[in-house]
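Everything below concerns the one structure shown next.
The values are calculated or read from the model by the stated rules, or taken from the named source; none is laboratory data. Just so it is clear, the structure is predicted and the values come from calculations on it, not from any experiment. FYI the Cβ positions are ideal-geometry reconstructions off the backbone, even for glycines, and counts take in every protein chain you see. Please note that ligands, DNA and RNA were not included when accessible areas were found on the heavy atoms of the full protein model with its side chains. Shrake-Rupley method; radii C 1.70, N 1.55, O 1.52, S 1.80 Å.
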Amino acid sequence: MVEVASSQKLVEVAREAALDEYREYVTYSVLARVERSPSRRVVLERLAAQELEHFRFWNRFAGVKPPEGRTRLYAYFMAFLRLLLGVTFVAKLMERGEREAIARYRSVEGLLSGGDLEALRRIIADEEEHEGALISQLDEAIVKYMGALVLGLADAIIEITGAHAGTLGTTNSTVVAGVIGLIVGVGAAISMASASYLQTKHEVGKSPAVAAVVTGVGYTAAVALLSLPYFLLHDVYMAFAASIAVGTALSFVLTFQAAVYGERDFKFEFVQTVGLLLGTAFLTYLLGDWLGRLFGIERLFH
C-alpha cells in the first residue's frame, strides 16, 4: 500500500512538472526566435534546451502529452509581454513559481535512487542557481534604468492625483483642472529628469542622459494619461474618479513590474501604493476645498 501511494505521488509530481517544463521550453523557444540580440538569443536558447531536458526527465514517469494549443497560446502571450515590458521581465515572471516547484521536487527525492536521483538533484540545482544566472546575463537596458522609470511614474501618479484632487475645491471646470494638472506635471517632469541626471552622474555603468530621458518621458506619459479624463468628461467629479481609476491601473502595472524584477511581494506593494494614492488625494482635496472657501476662488472658475 505504501509503495502504491509513493508511486502515485511520484506520478502526480512528475505530471505537473512535465507540463510546466514543457510550457517553459516552448515559451523560451518562441522568445529566442523573436529576439534580435544575438547574445540574448543564445541565453534564451540555452534556457529552452535546459527546460526540454527537464521535461524529458519528468515525462519518463508521467507519460503526458502536453496540450500544444494552450501551450502555444501561453508562449505567444509571453512574447507579447516581451514586446511591452522586456525579455528580462518575462523570464523573471516565468521563474516566480520556482520555490514551490523546488519544494515539490524535493518531496520525491526519497522515491528515487541511482541515476534518477542524481538527475533530479541536477534539475534542482538548475532551478536554484543556473536559471537565475542565465537570466542575469540577458542584460537589458530597461533593467539598468528600471529605477529611473519607477521613480518617474510613481512620483507622477501621486503628485498629479494630488494636484487634481486639490482643484476639486477651487473649480468646477474640467478643462481648468486638466490644464492645472498638465502645467504642474510637465514642470515636475523637467525637475525630476534633472534630478535623475545629477544622481546618475555618480553611478557607474549608466548614462545620465538616458536616465533623465527615461524619468522625464515616464513622468510626462503618466501626467498625460492622468489628465486625459478632464478633457473627455464634463463633470469634474466624474473626471476625477476616472483619473483615480487610471492612476490605480498604472500603479498595478508599475508595482507588478517592479515586484517581478525585484522578486518582492506584489500584493503588499500594490496596496501600499494605492493607499498613498488615495491618502494624498483625500488630504489635498481637503486642502483645496478649504483654500477655495477661504479665498472664494471657486467663484472664479465655473
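Please enumerate the residues belonging to the range 214-247 that are free of Cβ contacts under 8 Å to residues at least 60 places away in the same chain and over 20 Å from the mean Cα position of the chain (by Cα).
A224, L228, P229, F231, L232, L233, M238, A241, A242
Take the range 113-129 and flag every residue that is farther than 11 Å from E98 by Cα and of a type outside the set (D, E).
S113, G114, G115, L117, A119, L120, R121, R122, I123, A125, listed by residue number.
Mind checking which residues of the range 248-269 are within 11 Å of the chain's Cα centre (by Cα), open to solvent by less than 50 Å² (accessible area, probe 1.4 Å) and either under 20 Å from M94 (Cα atoms) or among the charged types (D, E, K, R) (or both)?
Correct list: L254, T255, Q257, A258, A259, V260, Y261, G262, F266.
Somewhere in the range 83-105, is a residue modelled with pLDDT under 85, buried (at least 17 other Cβ atoms within 10 Å of the Cβ) and on the phi > 0 side of the Ramachandran plot?
Taking every residue of the range 83-105 in turn, at least one turns out to be modelled with pLDDT under 85, buried (at least 17 other Cβ atoms within 10 Å of the Cβ) and on the phi > 0 side of the Ramachandran plot.
Here is a list of conditions, (1) surrounded by fewer than 19 Cβ atoms within 10 Å (Cβ to Cβ); (2) without any contact (Cβ under 8 Å) to a residue 24 or more places away in the chain; (3) more than 25 Å from Y230 (Cα to Cα), and Y197 meets all of them except one; can you say which number that is?
Every listed condition holds for Y197 apart from (1).
Tell me which residues, restricted to the range 44-62, are open to solvent by less than 10 Å² (accessible area, probe 1.4 Å) and either over 25 Å from K9 (Cβ atoms) or in contact with a Gly (Cβ under 7 Å, 6 or more places away or on another chain) (or both).
Matches in the range 44-62: L44, L47, A48.
Only one residue in V175, V186 is modelled with pLDDT of 80 or more, touching a Ser or Thr at 6+ places or on another chain (Cβ under 7 Å), surrounded by fewer than 23 Cβ atoms within 10 Å (Cβ to Cβ) and of a type in the set (A, V, I, L, M, F, W, C). Which one?
Unique residue meeting the criteria: V186.
Pairs please, first residue from the range 11-40 and in a helix (DSSP H, G or I), second anywhere and polar (S, T, N, Q) and surrounded by fewer than 21 Cβ atoms within 10 Å (Cβ to Cβ), Cβ atoms under 7 Å, 6+ apart in sequence or on different chains.
So the pair list comes out as V13/S107; A18/N59; Y22/T71; R23/T71; V26/T71.
Among residues belonging to the range 64-82 that are open to solvent by less than 60 Å² (accessible area, probe 1.4 Å) and assigned to a loop (DSSP other than H, G, I, E, B), point out the one that is farthest from T255 (Cα to Cα).
Ranking the candidates gives V64 first.
Quick one: count up the residues across the range 254-279 that are under 18 Å from G86 (Cβ atoms), among the β-branched types (V, I, T) and touching a residue at least 40 places away in the same chain (Cβ under 8 Å).
Residues in the range 254-279 being under 18 Å from G86 (Cβ atoms), among the β-branched types (V, I, T) and touching a residue at least 40 places away in the same chain (Cβ under 8 Å): 1 in total.
I need a count of the residues in the range 135-168 that are modelled with pLDDT under 70 and over 30 Å from R41 (Cβ atoms).
Final tally of qualifying residues: 1.
Is it the case that some residue within the range 280-292 is touching a residue at least 40 places away in the same chain (Cβ under 8 Å), farther than 21 Å from D155 by Cβ and surrounded by fewer than 12 Cβ atoms within 10 Å (Cβ to Cβ)?
yes
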